[in-house]
1. Name the single residue that is nearest to Leu227 (Cα to Cα) among those in the range 44-91 being acidic (Asp, Glu) and open to solvent by 50 Å² or more (accessible area, probe 1.4 Å).
2. Could you grab me the full set of residues in the range 14-38 that are of a type in the set (A, V, I, L, M) and under 20 Å from the mean Cα position of the chain (by Cα)?
3. Would you pick out the residues in the range 1-51 that are small (Gly, Ala, Ser) and outside any loop (DSSP other than H, G, I, E, B)?
4. Is it the case, given these coordinates, that Asn69 is closer than 20 Å to Asn222 by Cα and in a helix (DSSP H, G or I)?
5. Which one of Ala197, Ala204, Ala215 is open to solvent by less than 40 Å² (accessible area, probe 1.4 Å) and either among the charged types (D, E, K, R) or assigned to a strand (DSSP E or B) (or both)?
6. Out of everything in the range 130-146 that is modelled with pLDDT under 95 and under 21 Å from Leu72 (Cβ atoms), what residue ends up being surrounded by the fewest Cβ atoms within 10 Å (Cβ to Cβ)?
7. Considering only residues that are in a helix (DSSP H, G or I) and either surrounded by fewer than 16 Cβ atoms within 10 Å (Cβ to Cβ) or of a type in the set (A, V, I, L, M) (or both), which ones fall in the range 92-115?
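The values are calculated or read from the model by the stated rules, or taken from the named source; none is laboratory data. Model, not experiment: these values are computed from the prediction. Cβ atoms come from the backbone with ideal geometry, glycine included; neighbour counts cover every protein chain shown. In case anyone asks, the SASA skips ligands and DNA or RNA and just uses the protein heavy atoms, side chains included. Shrake-Rupley method; radii C 1.70, N 1.55, O 1.52, S 1.80 Å.
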Amino acid sequence: MTQIKLIATDVDGTFLNSQRQYNHDRFDDQLTRLAAAGIRFVVASGNHLGHLHRVFAPTPAVQTFVAENGSLIVNQGETLFETVIPNPIVNQVVTAILADDHLRPQVLRLSGAHGTYINRRDHPTDEASQDYFFNNIVRVDDLTQVHDTIYKINGEWPNETIQDLAAKLNARFPGQIHATASGFGSIDIVAPHMNKAIGLMQLAKSWGLRKEQVAAFGDNDNDREMLEHVGLGVAMQNGTKSVRDVADLITPTDNDHDGVLNVIDAILAGEV
């Protein structure tokens, strides 16, 4: 019998296919079988909580979220843990990014408890509010004047530069932030020493689980620490090389062919 008692998964590029869909009926059946086997299911994502609620609305049994790259952990609607970026640091980072032509992104956002904030000057219409990833857009005149609990700063740059840019941001603000590439030309900036692994292990410990009892799925750089620090780190066949290199297992099929669901079946069958 499998020793796994917690399964966590990233969302885009991992659990969802290229059309941002998943097999609702198959997964709903798996959730029933996971519960019967005493295995918890957790979503571990860089996205904000409202977006994750929307994605998993067709399968309402999903009620545990490690959101914002580990900075916000919610179970059954209750916030268990949160790690914020202090507002003075937010303002320093935003000011530095916007003032440097080599760092200035195509889009810059602040992900807070009460909204995702964007600059009105850069996005004068409501078009940005229709973005797939953000259903809580708030337009403001100055990002440094936002007064909210900020979990994450998010920016979008050309894909080929994001790993180098994340490293530059970490070097520019040592010990103050943690910047990581999150896919789709995006970089997530969270509190220092925070990542999905920290958030997930914090949750697992609160449930009395050891890391050996945790499995996690991911496809991108912001999943790397999580896959390294769990008992069974599963990289997607379509994942980046850096993630596949640290994984214990690579899914036999990619995200367009139920890669996560197939391995969950193997876990339930005691084959993994």
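1. Glu82
2. Leu16
3. Ala8, Gly13, Ala35, Ala36, Ala44, Gly50, listed by residue number.
4. Against the criterion (closer than 20 Å to Asn222 by Cα and in a helix (DSSP H, G or I)), Asn69 qualifies.
5. Residue meeting the stated conditions: Ala215.
6. Looking at the filtered set, the residue picked out is Tyr132.
7. Across the range 92-115, the qualifying residues are Val93, Val94, Thr95, Ala96, Ile97, Leu98, Ala99.
Condition check ((1) among the polar types (S, T, N, Q); (2) modelled with pLDDT of 95 or more; (3) farther than 21 Å from Asn222 by Cα) across all residues:
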| site | (1), (2), (3) |
| --- | --- |
| Gly13 | no, yes, no |
| Ala44 | no, yes, no |
| His53 | no, yes, no |
| Thr83 | yes, yes, no |
| Ala96 | no, yes, yes |
| Leu110 | no, yes, no |
| His114 | no, yes, yes |
